[in-house]
1. Just counting partner chain Cβ atoms within 10 Å, what average do the residues of peptide B:303-315 show around their Cβ?
2. As a footprinting exposure proxy, order B:292, B:184, B:103 by other Cβ within 10 Å, with the fewest listed first.
3. State the Kirkwood hydrodynamic radius of the protein assembly as shown in Å, one decimal place, computed from all pairs of distinct Cα atoms.
4. Tell me which aspartates and glutamates have Cα within less than 13 Å of residue A:10's Cα, excluding those fewer than 8 residues away on the same chain?
5. For chain B, modelled as a GNM with alpha-carbon contacts under 10 angstrom, which of B:166, B:138, B:222 fluctuates the most?
6. List the residues whose amide H sits under 5 Å from the amide H of residue A:310, counting only those 5 or more places along or on another chain, with H placed 1.01 Å from N in the peptide plane.
7. Restricting to DSSP loop positions (anything but H, G, I, E, B) with no more than 15 other Cβ atoms inside 10 Å of their own Cβ, which trypsin sites (Lys or Arg not before Pro) remain in the range B:327-430?
8. Output the Kirkwood hydrodynamic radius of chain A, Cα pairs only, in Å rounded to one decimal.
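Values quoted throughout were computed directly from the atomic coordinates according to the rules given, and no laboratory measurement underlies them. Because the structure is a prediction, the values reported are computed rather than measured. Every residue, glycine among them, receives a Cβ derived from its backbone with ideal geometry; neighbour counts consider all protein chains shown.
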Amino acid sequence: MTLELRGITKRFGPLVANDRISLTVNEGEILALLGENGAGKSTLMNVLYGLYQADEGEILLDGAPLKMSGPGDAMAAGIGMVHQHFMLVPVFTVAENVMLGNEATGFAGTLDLDAARQRVREISQRFGFDVDPDALVETLPVGVQQRVEIIKALSRDARVLVFDEPTAVLTPQETDELMEIMRQLRASGTAIVFISHKLREVRAIADRITVIRRGAVVGEASPTATNAELAALMVGRPVELTVHKEPAQPGPEAFVVKDLRVVDDTGHTHLDGISFSIARGEVLGVAGVQGNGQTELTEAIMGLQSHVRGSIRLGEHELVGKSVRKVLDAGVGFVPEDRQVDGLVGGFTIAENLMLNRSHGKPFVSAGTIRNGYLEEFAQTKLVEYDVRASGIQAKASQLSGGNQQKVVVARELSRDLSLLVAAQPTRGVDVGSIEFIHKQVVATRDAGVPVLLVSTELDEIVALSDRIMVLYRGQVVGIVPADTPRETLGLMMAGERPEGTAA
Amino acid sequence: MSTTAKVPVPIDESAEPAAVPLRTALKAPILLGVVTMLVALLIAFKARAGKTTFRLAADTDFFDLPAVTVPSTATVATVVVLLALGTAASALLVSRGRRTPLWLIAIFAVVAMVGFLAWAAAGRTVPVVGLLGGSIALAVPLVFGALGGVLGERAGVVNIAIDGQLLFGAFAAAIFGTVVGSPWGGLVAAMLAGALVALVLGFFAITYFVDQVIVGVVLNVLVIGLTSFLFGQVLAENPQELNAPDHFERIPIPVLGEIPVIGPVLFRQTILVYLMYAAVVIVAWALYRTKWGLRVRAVGEHPKAADTVGIKVNRTRYTTLLIAGLIAGAGGATYTLVSVPQFGEEMTDGAGYIALAAVIFGRWDPVRATLAALLFGFATNLSGVLSVLGSPVPSQFMLMLPYVVTIIAVAGLVGASRAPAADGVPYRKG
């Protein structure tokens, strides 16, 4: 069994998302599709899965062209997909999710749930999963939900399985387990397409690697290639993968959080009494799987959460109970985790976005009027200084690429005197070139003597930038450890296990 | 790897009781307390002497239950004590971090109602069978409307246009019932009229992504305008040829219809009521037990997931909405094919909105929504029966009753219910 994509082209208006892409995957083989965010990987796979119709090119299964008008046709042809954002109905049980669209029925269309349960058990057993067919999907941990996705694909006898960025939501340990499952699947003869932008994972599991950049295949590589070679292929120029920084010169403690508790409106506790401190000139990295209280921590600091108890002290100022305005005036810079929602106003120009956090007075506003001359001059300088690629300062923020949008946010937050920088997921969905730049800015801020709180779900980023690492699990601090702590230990901590010899 | 045990972080577990926030849980005992106070005030300030009779029998029962006669004031006093006990029980449960169970609220409501009737009908006779049977008859359009609403919203389309479907159904039933010369012709026409409104709603809401609430409201206004115009221009001119449909007769079911109380209330009704029973059972079964129902619910919860397993989202929404329209239209037929065989302007009186409230009060579940609709039917009938009895409560106040019950039910008792996740959200591919 061989699946071949031949000359697939997909356009969205003037944008060519896929440009004559060809690739082949064989039975019992793992093909990695490597490329940056926005390179066109997901578009290609949505074409393969029938969610999009290709403008040109064809898909061949064992040499015979497939006619696809929807995902139903792809499934009938034996193509299954494990989506990056799980395609599971949260309020359905595992069995209901697995049978959906492929229902076993009895009299008058009655659902045969027993058959579905049996199918789930059978596949679970084959791969050693521990999945209860009657569990509600929304109550399952992310890693188990992903297994439900795999079971769903296998229950339709998928012979080609596409994994779209499957490790983005997993802990390092869960990632290892997933890789083991993929090897098992390969051994049983399934053809696998593994989509990722993480070099380490691609090298660990792939038999062959196809690299795409800006919608086109730019080369093939073997798993024995080095990280640097792969990165250069992916980005199109040599990239510095390691962040150069001098050892930290921590000054006095400047930012102290004590016994912080955050509860939401429905009574759920998101942060359960966490305490830590950051010195001047130090980066504290906050590691953890997404959804363990990181968002609430940054929002509590900024004054964006309503039920906060405990103490957050920045120098002389107590921040708990203060309005966002007061927090900003205390000198806190904030790079929010979702720039599209919280970081920028998409319909505003770059210049307008650059003055958002100082819209109430000097230097941009005098006597209630925006000083356009000053603003333009300021924006022009920042555009150059932060290497924002745009048609000009009057370009709308929504028209910029992810990396350039993020540079605008970083430029705004760093261009005033800071006493604390809170950076949440500063490089999520940002191209490698911009990542390099933003990392340098974070280190420079630290070196200028500002305490930095860095929140990231990418462990590599945490390890590269932090001086100390704090691991959060279910709203509690598992431990605060030095930056050179081994990855396996950090991984275990992210799953809530506290290694011996570390203090909480 | 040297590790010790998992960090003891029982956040999720300990957060579970807190997931019912005190503020929400407190609503029930407070509401019960207020009702208890109100009933107590009745005898404190406006005690009425005399005895109240509850007549339970109807003609042709197997055997006649004797009428129950009780002294008015003493009964209300007993009721107040019982209500106070119920309130205390609810408060006790809430103080222990639990919810007030629905059965407690239901018993409380029945007891409170007995107390109120004993007071209001002092010196007279309450026709219990007529009160309950009439409630069912009045609830028929609400139940059909609510079933249609439940189906639409489960598939992800908010249907504000239930009122329009009822009204247009009533209109079509009147004309075609007259022209065809059979109420069955009227019923079929009513269902098609409901489906037509649904088709227009779907066209804008599903195909063109227009805000569903706005389309629904506009459709209601459109149907009111259209039917009023045609009524004035056409029907009022030729009432005999166009607006005098035959109506459905009561069909007592043998044996079942002769059981005391239950028989005359449930089984001496028109065919529309029996169709309603069937509709509730079929909709509940289809939604939860069939392949079709699973797909409808998937489309309303997570349309993209449904799409990725090969389900045509928008086609499913259209078919569901059309079926819902057929059902709601049948509810409209009740207005013109049962008691008053004739169409009148705006004769639904906003019943569709009450049906919509029943959908939410019933938490998007066909059986619960039906019970909610029956409650509203009871409230409506109660105001009618009491004004016939000559109750001391001003009649304008009694007319408010169904709407007051609606507000209390939706705002006070529903609690944190969860609508289908994609309810009201149009599905666009990609």
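1. 6
2. B:103, B:184, B:292
3. Every distinct Cα pair counted, the radius reaches 32.4 Å.
4. A:19, A:55, A:56, A:58
5. B:222
6. A:261
7. B:363, B:418, B:428, B:429
8. 24.8
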